[in-house]
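Novice: Got a structure for you, questions after.
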Amino acid sequence: MTDLPAAGAIPVTPSPSRSILETDARTRARNRAEARFRAYGLGALLVGLIFLVLLLGSILWNGMGAFTQTQVTLPIELLESELDPEGTRDPAVIGEVSTFGYNDLIEASLARVVADAGVQTELDAGDLTDILSSGAAAQLREAVLADPSLVGQTVTFDLLAASRVDGYVKGRVTRESLADDRNLSPVHLDVVDQLRDAGFVSRGLNLDFITGADASEKRPEEAGIGVAMIGSFYMMLVVLGLSLPLGVAASIYLEEFAPKNRLTDLIEVNIANLAAVPSIVYGILGLAVFIQFAHLPQSAPLVGGLVLTLLTLPTIIIATRASLKAVPPSIRDAALGVGASKMQAVFHHVLPLAVPGIMTGTIIGMAHALGETAPLLLIGMVGFVASNYPGGVVEGFTSPNSAMPAQIYEWAKRADPAFYERAWGGIIVLLVFLLLMNLAAVLVRRRFERRW
Amino acid sequence: MFHVKHPATALALVLAATPALARDNVQVAGSSTVLPYATIVAEAFGENFDFPTPVVEGGGSGAGLARFCEGVGENQIDIANASRAMRAGEFETCQANGVTDIIEVRIGYDGIVFASQKDGPAFAFTPEHWFNALAAQVVQDGQVVANPYTNWSQIDPALPDQEILAFIPGTKHGTREVFEERVMAAGCEATGALEAFVASGMDEDAAEDACLALRTDGVSNDIDGDYNETLARLEANPTGIGVFGLAFYENNTDRLQVATMSDVTPSTESIATGEYPVSRPLFFYVKKAHIGVIPGLKEYVEFFVSDDLAGPDGPLAEYGLVSDPELASVQQTVADETAMAAPAE
């Protein structure tokens, strides 16, 4: 006797006459639910895409201006009587004349050019120089010190225009917005217009923005992200040099050699926790340990790199362990089976197969570190720092420098709206680097990753 | 093979070797109001001298002075910028940490302006208006009451009919102290609130504290960031009024409209003559022990207060600094390296 009733006992209900071509109510409900879910998914994707387009659009819109720069081409008479009255042509003697001494030369030359070009203006010579960057004098002085034979000649210089003139040429500044401005008046813009027609004012590619140094608050037109880029580069060298070997060694030990006990469990949990620690905490740690205890120099990329190493290590360890785990045990077993030692099995067979995953994790970790600002705040790398090119490799690590994201943050804080444009421009440069690094990670994964 | 040991030893070597590296650049930190002036001087210094350009960080007067007083040595900053004078407590901390000889350098004066959105109504303020708008307790009909005002026109019918919303510097900024002293305390006295507080049974200290106590119902907002943050808040809140440095306002005249204070329009001229009431001296503090050790420190300080830079026609004045009428005596202080006396409590 089974629980099943005999076949004959079931009342034979006539099977409902339904066609597979017609859907019943429940199927339709299921189909609707699926269609709704698809619509939600697509909607979420679209919202994300719209934000991405808006973000990229606003970055490009605001930042592209930083890559062009207005210049004023002026023949400057480098008067011997002003720069080198004794006629010695000795750089030490010429060096006595500070940048303030060059302002008079620029003033005179600009007034002459304006008069020669037939520009009608009521501005006097002293006010006219407001259309030029205050860094023009330094540019002249540098050129003269580099080549003292220029003294006494008339040399044509491409001088930077003041930030507001630059903004006018780019359409950012208008006559109305200058109504109450103390730095430049609408009358200056009339002069700029006429000089532009006469060919003295031009707008060109701004390579200095990519290669140059930071400038003071009065000269946004001079500021560049180049030195900060070098700072970021040296920091990344430190990060790569320390976190890759340390991270890989730690992961191999934990994954392949360490006994599984409470201690290693604790270490594992802590590594996972470290990956989630806010980055500013690493900055405080860096300040306390590297600067105040170990007496490493402040504002140095070496310290920045060490702090970012701490930040990147957990990421690299986690990525490396995951890729070591992904190597099938059969590979280890086969190696051990033909008589390899454990170390040989790991280094000759497992590790090479895990390298693509390790590379990807490292590149992503570095990209993360490249974009970090918060820990750098506390170790003196945010501020007016990136103004000197490092003198050499050693100085690159130890002399004060900033980093790209720190430089962007610094510019965004400054009063002159022209710095705002630079900040957006800096974001574009930083994004290009991040994009390249992420692209490299994708390529490495595509090209070398093996699946079992 | 992996040579794990090598980077580790390299790190150990680096850690061991760097104390021997002498710092060859001047390190400055502190007030974000002084920061623009300091960067202008640092840049010109780098251009005109053979020393590297000094490193200048912001962070606020309080934070800068705290770092300054941490001690003497190459891994400590040389100069702290401050938009207020050093306090007695800070001086004592300095002394306790071995920062004994401090040179106080006054570089000039800065105005604090009240500004609103460019296309909004114009404001003509007095300190009394601000006290009535922001104090936690005010006096109404002789009684001390919790601040009832929500609209500027309730305080003074001459002011525009606009809700009260203020963005003032946070407590870590030196600007806040000037705001309290020159606006809130002055307004407290002028409205008779100080007397009323005392009359209501407070002792003098408590009454003075009550003068500076701000309302906490969201009308007064502390901004701990820089002036750009205040500007962004004004753009998001068209009825807001922000507190700015004169130099910042002068760089953003296309977006800001400045209010008069006691019928005086802020400008370098009206601040220099003392007509505009809300101004304060700007300082920086130098560790005497670092002079001669850090290359270029003395030269930087002398260059900062030279007539070419800090004088009435120099680039600092062009940026918005009100030149110190007693610049010559400041230059003398620097030349003699005269250490400051302990500030009064």
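The values are calculated or read from the model by the stated rules, or taken from the named source; none is laboratory data. Remember, predicted model here, so these are calculated numbers, not experimental data. Neighbour counts run over all protein chains shown; Cβ positions are idealised from the backbone, glycine included.
Novice: I'd like to verify a number: residues in segment A:78-92 that are under 27 Å from A:F200 (Cβ atoms) and surrounded by fewer than 16 Cβ atoms within 10 Å (Cβ to Cβ), how many? Before you say what the answer is, go through the steps one by one.
Specialist: Let us first name the residues in segment A:78-92 that are under 27 Å from A:F200 (Cβ atoms), namely A:78-83.
Those still in the list that are surrounded by fewer than 16 Cβ atoms within 10 Å (Cβ to Cβ) too: A:80-82.
The number of residues fulfilling the criteria is 3.
Novice: Name the one entry in A:A198, A:A228 that is touching a residue at least 60 places away in the same chain (Cβ under 8 Å), hydrophobic (A, V, I, L, M, F, W, C) and either out of contact with any Ser or Thr (no Cβ under 7 Å at 6 or more places or on another chain) or closer than 25 Å to B:L316 by Cα (or both). Show your work before the answer.
Specialist: Values: A:A228 fails: either out of contact with any Ser or Thr (no Cβ under 7 Å at 6 or more places or on another chain) or closer than 25 Å to B:L316 by Cα (or both).
None of the other options fit; the residue is A:A198.
Novice: Next up: Can you go through A:L105, A:L56 and tell me which one is surrounded by 17 or more Cβ atoms within 10 Å (Cβ to Cβ) and away from chain B (no Cβ under 14 Å)?
Specialist: Values: A:L56 fails: surrounded by 17 or more Cβ atoms within 10 Å (Cβ to Cβ).
Among A:L105, A:L56, only A:L105 is surrounded by 17 or more Cβ atoms within 10 Å (Cβ to Cβ) and away from chain B (no Cβ under 14 Å).
Novice: List the strands (runs of 3 or more DSSP E) inside segment B:1-113, counting only whole elements, that have at least 2 residues being modelled with pLDDT under 90 and of a type outside the set (F, W, Y).
Specialist: Numbers: elements: B:27-30, B:55-59, B:79-82.
Fully inside segment B:1-113 and qualifying: B:55-59.
Novice: Looking at A:A276, A:A272, A:A288, can you tell me which residue is within 13 Å of chain B (Cβ to nearest Cβ) and either exposed (fewer than 15 other Cβ atoms within 10 Å of the Cβ) or assigned to a loop (DSSP other than H, G, I, E, B) (or both)?
Specialist: Numbers: A:A276 fails: within 13 Å of chain B (Cβ to nearest Cβ); A:A272 fails: within 13 Å of chain B (Cβ to nearest Cβ).
One residue alone meets the criteria, A:A288.
Novice: Does A:L310 fit the bill of being in a helix (DSSP H, G or I) and out of contact with any His (no Cβ under 8 Å at 6 or more places or on another chain)? So that I can check it myself, show each step before the final result.
Specialist: Values: in a helix (DSSP H, G or I): yes; out of contact with any His (no Cβ under 8 Å at 6 or more places or on another chain): yes.
In short, yes.
Novice: Would segment B:202-225 turn up any residue that is assigned to a loop (DSSP other than H, G, I, E, B), modelled with pLDDT under 90 and within 14 Å of another protein chain (Cβ to nearest Cβ)?
Specialist: yes
Novice: Restricting the search to segment B:198-213, which residues are loosely packed, with under 13 Cβ neighbours inside 10 Å and charged (D, E, K, R)?
Specialist: B:D203, B:E204, B:D205, B:D209
Novice: Mind checking which residues of segment B:277-316 are farther than 27 Å from B:Q76 by Cβ, out of contact with any Gly (no Cβ under 6 Å at 6 or more places or on another chain) and surrounded by 18 or more Cβ atoms within 10 Å (Cβ to Cβ)?
Specialist: Correct list: B:P277, B:V278, B:G314, B:P315.
Novice: Within segment A:110-161, can you find the residues that are in contact with a Leu (Cβ under 6 Å, 6 or more places away or on another chain), within 25 Å of A:A92 (Cα to Cα) and free of Cβ contacts under 8 Å to residues at least 60 places away in the same chain?
Specialist: Correct list: A:A136 only.
Novice: Here's another thing I want to ask about it. What tally of residues in segment A:229-254 results from selecting those that are within 14 Å of chain B (Cβ to nearest Cβ) and out of contact with any Pro (no Cβ under 9 Å at 6 or more places or on another chain)?
Specialist: Total satisfying the criteria: 10.
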